[in-house]
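Here's the structure we're looking at; comments come further down.
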């Protein structure tokens, strides 16, 4: 079932609905097979009855057997709200393999939406942004929300350049209810700027996850000869020699990732680096972990 | 340096293709998109320089590949000195036959040979061969030019007869030992008489390249010569006009009709002269009679008085020995009177024989000394007094010669005197009512010598043999056999002497040989052969051999043989004088010889008269032999010298090899570039 989470396989599935279903069903099926994963949303624990407790929660079967009164406690019956902030700047259309970073981000968002709405009964919404907010689908659990979200993802073609500062005010207005905010971007900006702009999302009690989507070639570029590089967002050209990419570039990108990670964690946000040739389960697992934490 | 196919150089226009590709497409590069240039820094200078270097390398390789391909098709060559031609051997053959004495032929030939030798490169091996009466290999294949030059300079004109057939055979055997190619340079007057009848004899092996250097000054000059002289070698009586005469034949080669003066010279004095009309390119005979000579050896010559194109062949020399008639001891059986009659009649009838037959019966030989006789005949005399038999055996060992005829009496006695064998059997064909004829005759044997035997086996086929003894033919030369294979005439060498054994009788009872004319010739030849008079005087041809002794073993101090050449020198060393069995008469002139059996001889030696015909080989035959089709002699000479100094070495193979290397290099470099472009795409 793991192969259904592979981005290479998902790239060949045109329907986001089917894709999300495939990913999530496969992922959940994988969870059920795992005996070590002790997560359950049905039953949590027994607690001794104390006066004032709701009698509807008393386990009468147990009382009949033991003549003791226990309450049966359940977990997570409250609904959460998932909002995906998808970066649709031009840099997201970079691809070294069969799927671009944008495709990967779509797969990821679609899988999140499917998991949230279909499995968790959570409200899910989408904000597509580049240097401004380009699309906003309010979080909801209404029927047809999943289709709307998928349509929003389909419409989210890379455009313009990334600017976190500008659309952030809109984020804060949109995320007025506490929930989970997932930012999917390649974060080509200063980590300080990114974190400073995104951190206010947590002020309303949101859990914020940064999914840092990068291509393998961006992390470890392989250049056999000197080449002219063109920036997808600014169209600037630059001649680069392979020696540089083998030394200085690696140091810089690693420092950038580490800086972003540390700043995000320092600001109380979760950070997850996702490489486009990796399966999607890491991101899904991250989401569910946060969901389990009570959000 | 040059090109064998220079028109292929037009392909150099194809060099425009890589120029076009690299000039117009070199800067077309596909930019490589990246998400952000946030972490990149410019590396323009080094990048550009590196790329230019690589592209220039690719351009250079492609250009070089096209250039090499065009060069390979144009087939470049260099002229390289023959110094490094391993296994290439220069074979210089200088004709020093008698005809090369005419005019300046030999000097011209030697000068040309020296110039060819001088053109030889230092590393090239060469061998010098003199083509005269015998092929003389003067050097081994060596590179030492001084030694080669010395060997070439030592060649002097000889008196022998050159045969291109012998040269062909020698070169074929030489080519079997030499692996590399052979350049055979023949310097000769190219006489047509030197060419064998069968052209296949002169065909050279495949690795031999023949270059003919003809040194013919003027082939149309007339030349007369004394072709042959018939004169008695032994002359007992000068007044006997039947024998005392000299018959000479004058021949002209390419000559007009002319009157020639011919002189007979005896011991340096002209004793007679004749005028003879020689037709155009024809022959004329002249006789001198009587031949008045003194006792002993008389050195005679028949000479043409007028000089012509080739004066060296104007004389024909011979030796006439005047002596008293020699006695022949004829020993017959007691009852045999016929054999002496027949043999004596034949001996008297012989043209050049000068023998007196002394006939005695076997019983009377006890006190006879055979050494006083020219030779001894034993006719059916198988029973001899022991003392005579012993004396006769000693006589043979010391050089005496005996003819034995085995008549019917031999069948009763198994032992054959002197012969050293026994009568094993006796065939009496009369009892069987059959007659055997002579089936096989060796006409090269001196006793049976005939120039042209004819269809009836030289007359021997008519001879009927009624009786023949069977003897052991081991260690003997069988000169004649009967039809049933029985040996009829055997020749055995015992000590210094010879024994001829006729297994039938010398009378007309055991065969009818005495009744046939061939008997006279047989007796004549046998008498001359056994008496040794044939080799004591007369004339021979250059390069013929005289037998100094019967065996190669020295039998004492008296066994020394001596030879004094025409120039008064002794060509035989002391050791050879004791052991040499034969001697080659290499020069023309009078040889004075003392044989091992103590007999003296003076022999006149003449060159082979085929050398007097100076007409060269036709041009087409020369070209056919040499495989050359070029026109002028000088052009051939220059071309040959140029080819000897330098040889063209084609380089297309190396060029193609280099092109292959460039192809690999271009593939490697180009694949590197294409890999970069794929990465960029």
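The values are calculated or read from the model by the stated rules, or taken from the named source; none is laboratory data. All figures in this text were calculated on a predicted structure; none of them were measured in a lab. Note: ideal-geometry Cβ built from the backbone for every residue, glycine included; neighbour counts use all protein chains shown.
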As an exercise: evaluate residue A:233 against (1) in a loop (DSSP other than H, G, I, E, B); (2) at the interface with chain B (Cβ under 7 Å from one of its Cβ atoms); (3) surrounded by fewer than 21 Cβ atoms within 10 Å (Cβ to Cβ) and give the number of the one condition it does not meet.
(3)
Hey, among A:191, A:167, which residue is more than 14 Å from chain B (Cβ to nearest Cβ) and under 23 Å from residue A:93 (Cβ atoms)?
A:167
Listed residues B:148, B:167; which is farther than 28 Å from residue B:198 by Cβ, part of a helix (DSSP H, G or I) and touching a strand residue (DSSP E or B) at 6+ places or on another chain (Cβ under 9 Å)?
B:148
Within region A:196-205, is there a residue that is crowded, with 22+ Cβ neighbours inside 10 Å and in the same structural domain as residue A:127 (by TED's automatic domain parsing)?
yes
Among the candidates A:251, A:196, residue that is more than 16 Å from the chain's Cα centre (by Cα), within 23 Å of residue A:160 (Cα to Cα) and more than 7 Å from chain B (Cβ to nearest Cβ):
A:196
Quick one: how many residues across region A:90-129 are within 21 Å of residue A:171 (Cβ to Cβ), within 14 Å of chain B (Cβ to nearest Cβ) and surrounded by fewer than 24 Cβ atoms within 10 Å (Cβ to Cβ)?
1
Residue among B:515, B:482, B:530 that alone is more than 21 Å from residue B:580 (Cβ to Cβ) and free of Cβ contacts under 8 Å to residues at least 40 places away in the same chain
B:515
Are any of the residues in region B:40-61 farther than 28 Å from residue B:164 by Cα, crowded, with 18+ Cβ neighbours inside 10 Å and at pLDDT 85 or above?
yes
Answer from B:193, B:225 - the residue that is part of a helix (DSSP H, G or I) and at pLDDT 85 or above
B:193
Given the condition in a strand (DSSP E or B) and in contact with a helix residue (DSSP H, G or I) (Cβ under 7 Å, 6 or more places away or on another chain), answer yes or no: does some residue in region B:229-244 qualify?
yes
Where in region A:45-134 are there strands (runs of 3 or more DSSP E), lying fully within it, with 1 or more residues that are farther than 28 Å from residue A:166 by Cα?
A:45-48, A:70-73
In the set B:420, B:439, the lone residue that is surrounded by fewer than 18 Cβ atoms within 10 Å (Cβ to Cβ), out of contact with any helix residue (DSSP H, G or I) (no Cβ under 6 Å at 6 or more places or on another chain) and not in a loop (DSSP other than H, G, I, E, B) is B:439
Residue count, region A:215-228, condition facing chain B (nearest Cβ under 7 Å) and modelled with pLDDT of 85 or more, comes to 1
Using the structure shown, decide if residue B:32 is under 18 Å from residue A:229 (Cα atoms), within 14 Å of another protein chain (Cβ to nearest Cβ) and modelled with pLDDT under 80.
no
Is region B:461-469 home to any residue that is free of Cβ contacts under 8 Å to residues at least 40 places away in the same chain, assigned to a strand (DSSP E or B) and in the same structural domain as residue B:396 (by TED's automatic domain parsing)?
no
Of these, B:285, B:289, B:248, which one is surrounded by fewer than 19 Cβ atoms within 10 Å (Cβ to Cβ), in contact with a strand residue (DSSP E or B) (Cβ under 8 Å, 6 or more places away or on another chain), closer than 28 Å to residue B:348 by Cβ and at pLDDT 85 or above?
B:285
Being within 7 Å of chain B (Cβ to nearest Cβ), surrounded by fewer than 20 Cβ atoms within 10 Å (Cβ to Cβ) and in a loop (DSSP other than H, G, I, E, B) is the filter here, so list the residues in region A:236-248 that pass it.
A:236
Residue under question is residue A:212, and the condition is that it be assigned to a helix (DSSP H, G or I), within 14 Å of another protein chain (Cβ to nearest Cβ) and surrounded by 18 or more Cβ atoms within 10 Å (Cβ to Cβ); does it hold?
no
Quick check, is residue A:275 within 23 Å of residue A:97 (Cα to Cα) and surrounded by fewer than 21 Cβ atoms within 10 Å (Cβ to Cβ)?
yes
Restricted to region B:507-533, and to residues that are more than 20 Å from residue B:490 (Cα to Cα) and assigned to a helix (DSSP H, G or I), which residue is modelled with the highest pLDDT?
B:515
Got a number for residues in region B:487-506 being assigned to a loop (DSSP other than H, G, I, E, B) and touching a strand residue (DSSP E or B) at 6+ places or on another chain (Cβ under 8 Å)?
4
Just the residues that are crowded, with 20+ Cβ neighbours inside 10 Å and either without any contact (Cβ under 8 Å) to a residue 40 or more places away in the chain or assigned to a loop (DSSP other than H, G, I, E, B) (or both), please, taken from region A:150-184.
A:152, A:156, A:158, A:162, A:164, A:175, A:179
Looking at (1) within 42 Å of the chain's Cα centre (by Cα); (2) buried (at least 18 other Cβ atoms within 10 Å of the Cβ); (3) under 25 Å from residue B:480 (Cβ atoms), which one does residue B:370 not meet, given that it meets all the others?
(3)
